[in-house]
Amino acid sequence: MLFSLLMLTSLQYGSHGIHFEDRYWNTMLSVQTIGYFFAILFFLKNVYDRLKVSINYSEIIYEKSITDPLTGIYNRGFFIEKLRESISEYKNRTLALFIIDIDYFKSINDHFGHGTGDNVIKLIASELTAHIGDRGVAARIGGEEFAVMLPEISEEEARQLAACILEKVRNRPPVSNHDFSQQLTVSLGMYFSHHHHEELSLISRADEALYYAKRNGRDRYASWKEMQNDGQQGATHCVVW
């Protein structure tokens, strides 16, 4: 009888031991699985963070490559690229192109220094972006030279906008010190097209109009069409639109 009780007790404890061992290993496997899961999550987050940094860095590099460092507006390379795209996209629609130059800019640098000259360039860039808004693209394409592209605009609207740009700059306080004062003005050449040509041809025609405006007194705009008509063009006033 005693032997039988000992055997039964042994079997009962043995049975409980087997159950305990099973639960132990099942628990260990669960912990290990959770550990693997979190390790994978950590790895994926690390990859994501590195990828995000890489993408952000690429975006910063790209933004720098298309932006003029002094003014913060677009540079010449990006402007020509956008002009080429617009010529293709708006092949049978209107497109206005402005080339704008600060009048007597060398005199500003000579009398007030290059720091003041840089501030004047930034001021003109700010005026252009304020007037253009999201209707077009403005860029600095040279030292004191800017370009503006306006797709799907009427010729009259383009003339009104050109007049507004000239008027806004003209009405600013002059640049001055105790020895010298100079009024800020710009000259503007415009080419308006219904049937687009190669982008450098458009720029060349707007550039011709710019120098026509400079030869005829500065602080004015001239269109390539005006040049072909020997300067016969009705006066256009600034109209905010």
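Note on segment 119-229: the C-alpha convex hull projects to 7.6 nm² when averaged across all orientations.
So which trypsin sites (Lys or Arg not before Pro) in segment 65-110 end up in coil per DSSP with only 12 or fewer other C-beta atoms within 10 Å? Before the final figure, lay out each step's value.
Working: sites: 76, 82, 84, 91, 93, 106; in loops: 91, 93.
Answer in residue order: 91.
Where does each of 131, 194 land when they are ordered by accessible area, with a 1.4 Å probe and the largest first?
Values: 131 55, 194 100 Å².
Largest accessible area first, the list is 194, 131.
Relative contact order of segment 115-175, please, whole-number percent, based on alpha carbon pairs below 8 angstrom and at least 6 residues apart. Value for segment 115-175: 28 percent. Across segment 147-175, the residues whose backbone nitrogen lies under 20 Å from the label position 7 Å along the beta-carbon direction of residue 200 are 147-149. With a Förster radius of 25 Å applied to the beta-carbon distance between residue 130 and residue 181, the computed FRET efficiency rounds to 0.50.
Residue order by solvent-accessible surface for 172, 50 is 50, 172, largest first, with ligands and nucleic acids left out and a 1.4 Å probe. Under 18 Å from a point 7 Å along the Cα-to-Cβ line of residue 172: which residues of segment 196-230 have their amide N that close? Counting only backbone N, you get 218-221.
The values are calculated or read from the model by the stated rules, or taken from the named source; none is laboratory data. Everything quoted here is computed from the prediction, not taken from an experiment. Every residue, glycine as well, gets a Cβ built from its backbone with ideal geometry; the counts of neighbours run over all protein chains shown. What goes into the accessible areas is simple: the full protein's heavy atoms, side chains included, and nothing from ligands, DNA or RNA. Shrake-Rupley method; radii C 1.70, N 1.55, O 1.52, S 1.80 Å.
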